[in-house]
Amino acid sequence: MPAATASPFAATLVLDTSGIVALYDASAEAHIGAVEAVRAASMRLVPAAILAEIDYMLGVRLSPNAALDFLRAVESGFFMIEPFTRDDAGYCRALIEKYAQLQLGLADAAVMAVSERHRAANVLSLDRRHFEVVRPTAFTAFRLWPSVAPKPAAKSRRRK
């Protein structure tokens, strides 16, 4: 991993599954940016509500060892697991209802809930589609890291 660099964001970073996958996938276009953001943060919060998704994505997309490495980082205290509270459930339900056209799911809504609860605008996520549209109440907007999202994969074209 590259050495930590100065970061323009505050100490708390909330992590989304896509950001964690980029962090553990050295071949990902967003890997270096994810590493730099995580290293610059003094507090790295992971919502408990997304742990199964993280385990699945790391295990399937990368390897079971990547999932184990993530667990070791949690065990060591590098990542802090944030509980999913009753208030979070209500907040998530309200977001999912309000932004129904986005098909916002529980995982992204839970990341937003933790971010709001901690007043931590900084989120490690590659999911621009949801986080750039949803407007939090505790701050103006989510600040997404890495600051430049990887380009989406080109879609193949079929001939008619």
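Brief remarks follow.
- Surface per residue (accessible, 1.4 Å probe) for segment 23-66, Å²: 48
- Three-way shape label, the chain, alpha-carbon gyration tensor, a/c 1.5: rounded
- For Asn122, residues with placed amide H under 5 Å, excluding near neighbours: Val14, Arg143
- Among 61-69, 106-114, 26-34, the order from most to least packed when residues are scored by Cβ within 10 Å on average: 106-114, 26-34, 61-69
- The helix-based estimate of mean residue ellipticity at 222 nm for the chain, built from -39,500 (n - 2.57) per DSSP H run of four or more residues and divided by its residue count, is -12000 deg cm²/dmol to the nearest 500.
- Segment 86-145: trypsin sites (Lys or Arg not before Pro) in DSSP loop, at most 13 other beta carbons within 10 Å: Arg119
- Among Thr140, Thr17, Thr85, residue whose mean-square fluctuation peaks in a GNM of the chain (springs only between Cα atoms under 10 Å): Thr140
- The H on the amide N of Glu82, modeled in the peptide plane, is under 5 Å from the matching H of Val46, Ala48, each at least 5 residues off or on a different chain.
- Neighbours of His130, meaning other residues whose beta-carbon lies under 10 angstrom from its beta-carbon, give a summed charge of -2 when Lys and Arg score +1 and Asp and Glu score -1.
- The residues neighbouring Asp108, those whose beta-carbon lies less than 9 Å from its own, together hold a net charge of -2 under the Lys/Arg +1, Asp/Glu -1 convention.
The values are calculated or read from the model by the stated rules, or taken from the named source; none is laboratory data. For clarity, every value in this text was computed on a predicted model and none was experimentally measured. So basically every Cβ, Gly included, is an ideal-geometry build from the backbone, and we count neighbours across all protein chains shown. All accessible areas refer to the heavy atoms of the entire protein, side chains included, with ligands and DNA or RNA removed. Shrake-Rupley method; radii C 1.70, N 1.55, O 1.52, S 1.80 Å.
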